[in-house]
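Worksheet: the structure to be examined is printed underneath.
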């Protein structure tokens with residue numbers, strides 16, 4: 001694909017990856033194969049439909065950086081909860097277990113990665129309206145995709161870091177790099193929610209299930225519902241009590257009651273219910289089997305709603321090695337760093353199908369052919385490993401995985417629907433019928449061969465427990481803990497309690513959670529490069545003079 005280039009010098013040159021789009025029609029498994037062919041800059045003249053396609057596809061690239069090398073980042077999201085484990089001495093998990101995480105920890109890739117996504121989106125949002133070979137409806141559709149992606153990147157940033165730098169335009173001057181944080185509430189109110197509401201209510205995106213990994217209104221609805229539910233809780237609702245306070249840098253958090261009962265929270269919950277009901281009532285999503293979760297042939301289909309795209313041998317999913325015990329794969333190195341803690345596993349009901357061998361966990365395997373030509377049995381692991389990411393072909397045959405990473409799937413939506421409906425009833429009893437409250441969670445439990453809950457047994461602990469069981473190591477628990485400020489206490493056959501975040505002592509940690517643990521540290525490089533940004537409460541490195 002070609003761009004009409006105009007050769008001008010510039011103070012700041014912004015580049016975005018050009019891609020060759022390869023539509024793979026068989027099973028609609030992937031929507032793109034990225035092959036670098038050049039760059040776009042803010043000095044490029046855009047006009048062709050090919051230019052527009054590149055501007056639309058480019059902002060997706062940061063999604064695939066989530067499972068980074070050795071899965072440092074996805075593992076850190078689980079280590080933060082107190083429910084992760086590594087099978088070898090790992091200095092990274094020790095930092096989490098002893099409250100020594102800093103802005104220079106290896107797990108801080110999300111700051112540059114998510115901001116790369118934001119920059120890509122800002123650039124495309126500015127340039128797409130200039131495309132003359134696309135109709136108004138086509139431009140609207142593309143803007144719906146890109147604005148949804150920008151909202152998602154910012155949603156990740158504010159949940160992880162709190163107050164952050166807000167950029168909604170392409171930088172044109174080096175001084176643009178020197179900016180203070182903006183309130184997380186402002187970013188929700190002025191970027192995240194408007195972007196998603198544009199995509200759902202105004203854009204020409206198709207109001208259908210995504211057939212190929214691209215953003216549709218159904219994808220935007222899933223993200224928007226999650227945003228609304230998050231804004232009905234923390235930290236949004238506490239910041240809303242006094243937006244002028246320096247909540248994140250000062251560590252001023254004191255609220256701990258969940259659900260939050262006020263008019264604002266109820267309004268957000270009602271809006272979340274609207275989006276979730278559309279997705280559930282559409283009938284286009286199915287739960288399928290647990291095997292579907294680790295089958296690349298099921299990418300972008302069945303239960304999948306929104307995924308980061310991978311293509312074996314072109315853009316491999318690097319998470320797979322981190323989930324494995326030694327000697328079982330042709331990948332060469334198995335890191336064993338992405339493993340739920342034994343106390344987490346022991347909190348499952350023994351009758352739960354998800355903990356049966358080779359459902360979501362497994363306990364033994366054969367040796368890889370590179371270690372044993374006969375592929376005989378490997379030693380028993382001695383503890384459960386995750387089977388939900390077991391890409392057989394990659395592990396045993398090719399050493400290349402095209403298994404997508406899932407951001408949202410149908411089980412998540414069903415559990416969010418139950419939580420939203422249950423919480424609305426805490427505002428006003430009888431707002432939602434018991435049948436509608438229980439529908440989602442009981443569908444998830446039925447697949448796990450567990451008995452249904454009743455109105456009397458479905459409470460917040462049951463809902464949070466089911467999310468922990470079903471969405472184990474999908475990077476959901478950290479967000480659940482932070483928005484509810486509640487933590488599950490490990491137990492035997494069930495979680496023994498749901499208690500307040502502040503004061504919760506994870507099983508393997510040497511300390512109890514305090515206000516600093518409600519956020520993560522600002523990246524050390526950002527502190528060094530941007531003299532106007534301040535470090536979050538309790539963390540180092542701090543800004544000069546802070």
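Quick notes on this one:
Here is a yes/no grid of residues against (1) in contact with a helix residue (DSSP H, G or I) (Cβ under 7 Å, 6 or more places away or on another chain); (2) more than 17 Å from residue 354 (Cβ to Cβ); (3) assigned to a loop (DSSP other than H, G, I, E, B):
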residue: 449; (1), (2), (3): yes, no, yes
residue: 458; (1), (2), (3): yes, yes, yes
residue: 469; (1), (2), (3): yes, no, no
residue: 474; (1), (2), (3): no, no, yes
residue: 479; (1), (2), (3): yes, yes, no
residue: 488; (1), (2), (3): yes, no, no
residue: 495; (1), (2), (3): yes, no, yes
residue: 503; (1), (2), (3): no, yes, yes
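- Any hit, region 169-185, residues being part of a loop (DSSP other than H, G, I, E, B) and under 22 Å from residue 479 (Cα atoms): yes
For (1) closer than 18 Å to residue 87 by Cβ; (2) under 25 Å from the mean Cα position of the chain (by Cα); (3) not in a loop (DSSP other than H, G, I, E, B), each residue gets a yes or a no:
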position	(1), (2), (3)
292	no, yes, yes
301	no, yes, no
335	yes, yes, no
349	no, no, no
370	no, no, no
375	no, no, no
382	yes, no, no
390	yes, yes, no
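- Among the criteria (1) closer than 14 Å to residue 305 by Cβ; (2) touching a helix residue (DSSP H, G or I) at 6+ places or on another chain (Cβ under 7 Å), the one residue 216 does not fulfil is (2).
- Residue in region 516-527 that is loosely packed, with under 14 Cβ neighbours inside 10 Å, touching a residue at least 12 places away in the same chain (Cβ under 8 Å) and over 24 Å from the mean Cα position of the chain (by Cα) present: no
- Residue 219 vs. criteria surrounded by 15 or more Cβ atoms within 10 Å (Cβ to Cβ), closer than 27 Å to residue 244 by Cα and in contact (Cβ under 8 Å) with a residue 40 or more places away in the chain: no
- The single residue among 183, 210, 171 that is at pLDDT below 95 and either at positive phi or in contact with a helix residue (DSSP H, G or I) (Cβ under 8 Å, 6 or more places away or on another chain) (or both) turns out to be 171.
- Residues of region 303-314 that are farther than 16 Å from residue 475 by Cα and within 19 Å of the chain's Cα centre (by Cα): 303, 309, 310.
- Of the residues making up region 452-477, those that are modelled with pLDDT of 95 or more and more than 17 Å from residue 495 (Cβ to Cβ) number 4.
- Cβ-Cβ contacts under 7 Å between residues 6 or more apart (or on different chains), taken from a first residue in region 364-392 that is on the phi > 0 side of the Ramachandran plot to a second residue that is surrounded by fewer than 20 Cβ atoms within 10 Å (Cβ to Cβ), are listed as 375/366; 375/367; 375/369.
- Test: residue in region 219-232 that is in a loop (DSSP other than H, G, I, E, B) and out of contact with any strand residue (DSSP E or B) (no Cβ under 9 Å at 6 or more places or on another chain): yes
- Failed condition for residue 138, given (1) crowded, with 19+ Cβ neighbours inside 10 Å; (2) part of a helix (DSSP H, G or I); (3) touching a helix residue (DSSP H, G or I) at 6+ places or on another chain (Cβ under 8 Å); (4) in contact (Cβ under 8 Å) with a residue 40 or more places away in the chain: (1)
The values are calculated or read from the model by the stated rules, or taken from the named source; none is laboratory data. Predicted, not measured: the structure shown is a model, and the values here were computed from it. Quick reminder, even Gly has a Cβ in these numbers, built from the backbone with ideal geometry, and neighbours come from all protein chains shown.
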